[in-house]
1. What residue, of A56, A87, is among the small types (G, A, S), more than 18 Å from A9 (Cβ to Cβ) and within 15 Å of the chain's Cα centre (by Cα)?
2. I'd like to know if region 117-137 contains one or more residues that are in contact with a His (Cβ under 6 Å, 6 or more places away or on another chain), touching a residue at least 40 places away in the same chain (Cβ under 8 Å), assigned to a strand (DSSP E or B) and not polar (S, T, N, Q).
3. Can you spot a residue in region 70-81 that is part of a strand (DSSP E or B) and among the aliphatic types (A, V, I, L, M)?
4. Inside region 89-110, can you point out the residues that are touching a residue at least 40 places away in the same chain (Cβ under 8 Å), farther than 22 Å from Q69 by Cα and not basic (K, R)?
5. Do we find a residue being of a type in the set (A, V, I, L, M), touching a strand residue (DSSP E or B) at 6+ places or on another chain (Cβ under 9 Å) and in a helix (DSSP H, G or I) anywhere in region 50-61?
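Coordinate-derived values only; no laboratory data. Being a predicted model, the structure only gives us computed values, none of them experimental. Cβ placement follows ideal geometry from the backbone for every residue including glycine, while neighbour counts extend to all protein chains displayed.
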Amino acid sequence: MLTVRPKVAELTFQLYGRPLHPELFEVFETCTIERGKYTAKIDITGAGHVVSWRYAGITLTEVAASARQPLPKTRRLLSYNLKGQRADYVECRGGVSYRMNFQLEPTNAEVFWTFQRELSAAGQRQGMLHHFNSSGRMPLGALSYLNFEARDRSLFVQAFHTFPDDYAVVKSESLFKLP
């Protein structure tokens with residue numbers, strides 16, 4: 001199956017206060033975490049990732065996806081085009097909080113390929129890693145690397161998504177925290 005990324009200019013970063021149907025995404029890698037009083041499912045998808053975090057009847061779903069991806073608008077708490085840098089914070093009922101930041105980092109070719117090699121090596125040791133096929137323009141395809149730190153009262157997720165055709169890297173950090 002051909003797994004090529006969309007253009008980096010088409011990406012969005014969203015947070016929902018609800019679960020999303022898994023059928024909405026083409027998932028390439030997945031990991032489920034049960035820690036303390038919360039559970040989380042982390043997926044690497046064709047355009048980025050989905051993190052679905054649940055605690056005491058509250059579900060927060062973070063999505064990095066293509067703007068062309070048909071996603072619901074109901075209970076969408078945050079929505080940003082993935083351009084430049086952005087940070088935000090959401091406090092939910094019961095004291096649950098979510099903090100995120102992301103940046104789109106354009107690079108030159110040499111820095112890009114060095115960074116991609118480093119991510120690939122890190123993904124062999126820990127976290128989740130998926131290599132995508134080449135778009136045909138570049139000899140190597142994109143990759144997604146997600147690393148996470150699960151503690152009893154929080155989940156910290158770092159995501160790196162590369163876009164070889166644009167020599168760009170999307171980096172994000174998210175913190176889901178219990179009261």
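1. Of A56, A87, the one residue that is among the small types (G, A, S), more than 18 Å from A9 (Cβ to Cβ) and within 15 Å of the chain's Cα centre (by Cα) is A87.
2. The answer is no, given that none of the residues of region 117-137 is in contact with a His (Cβ under 6 Å, 6 or more places away or on another chain), touching a residue at least 40 places away in the same chain (Cβ under 8 Å), assigned to a strand (DSSP E or B) and not polar (S, T, N, Q).
3. yes
4. Correct list: V90, C92, G94, G95, V96, S97, Y98, E105, P106, T107, N108, A109.
5. Looking through region 50-61, none of the residues is of a type in the set (A, V, I, L, M), touching a strand residue (DSSP E or B) at 6+ places or on another chain (Cβ under 9 Å) and in a helix (DSSP H, G or I).
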